[in-house]
Amino acid sequence: MPVIRRTSGSTTLASLAACAACAACAAALLGALALACSSADATQAPCANANLRVTGKDHPAIDRATLCLIDGIRLAHGLPKLRSDHALGAVARKVVAGMVLGNYFADVTPSGASALGLISASGYAAGAPQVTVGQNLAWGTGSQTTPARIVAAWMASPPHRANILDSEFRNAGVAVTTSVPSVLHVGRRGATYVFEFAARLY
């Protein structure tokens, strides 16, 4: 089953606060979540590539499928879709690359940078007096690397589910890589996911 982490926080940009990292929650649903919604919305169209295993050439398709699945779940719960944001995508790519290169799997980098700090310092926060953010992390191997399995694991974990179903979030950034930090001692090829949630507050 995929291994997951979640964090969230909000800040006034004039005085950044440290984002407390939540403890890891490891839970997964059995079977592939091929539809972009919960079973409560049987009319939702399936997400393309939801069951695609991560390879080096399909990152954009994996990113789109992951966002599609989460948007389907949000729609099924009466929540608005998340809009893909370039700045948040850049933060997600930086985080996922940093975990692999820096050999860690955590919400805060070894140098102390958090998702809250990275997003607040990015172009996403420009002009907004406040931002609220959330971050879901996951890694898996083999059949557990598909967007469907990753999103299912997040939905089975109350803290990750809370990020997905947070009505305040409006934007998202997704990134995936075909590696996992070696500190995890997986011993085989896998994938690491980062999903950034955010909203500008005025």
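The values are calculated or read from the model by the stated rules, or taken from the named source; none is laboratory data. Keep in mind that this is a model prediction, so the values were computed, not measured. Neighbour counts are summed over all protein chains in view; Cβ atoms, including those assigned to glycine, are modelled from backbone coordinates with ideal geometry. Accessible surface is based on the protein model in full, side chains and every heavy atom, while ligands, DNA and RNA are left aside. Shrake-Rupley method; radii C 1.70, N 1.55, O 1.52, S 1.80 Å.
Only a single criterion out of (1) within 18 Å of Phe197 (Cβ to Cβ); (2) among the charged types (D, E, K, R); (3) without any contact (Cβ under 8 Å) to a residue 40 or more places away in the chain is not satisfied by Asp85, namely (3). Taken over the range 80-111, the criterion of being open to solvent by 40 Å² or more (accessible area, probe 1.4 Å) and farther than 18 Å from Val183 by Cβ is satisfied by Pro80, Lys81, Arg83, Ser84, His86, Ala90, Arg93, Lys94. Of all residues in the range 121-136, those satisfying the criterion of being surrounded by fewer than 24 Cβ atoms within 10 Å (Cβ to Cβ) and either under 22 Å from His59 (Cα atoms) or of a type in the set (Ser, Thr, Tyr) (or both) are Ser122, Thr132.
Here's the yes/no breakdown for (1) at pLDDT below 85; (2) among the acidic types (Asp, Glu):
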{"site": "Cys19", "(1), (2)": "yes, no"}
{"site": "Cys25", "(1), (2)": "yes, no"}
{"site": "Ala36", "(1), (2)": "yes, no"}
{"site": "Asp41", "(1), (2)": "yes, yes"}
{"site": "Asp58", "(1), (2)": "no, yes"}
{"site": "Ala76", "(1), (2)": "no, no"}
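Counting the residues of the range 162-192 that are over 15 Å from Leu82 (Cβ atoms) and not small (Gly, Ala, Ser) gives 12. Within the range 158-167, the set of residues being at pLDDT below 95 and more than 13 Å from the chain's Cα centre (by Cα) comprises just one member, Pro158.
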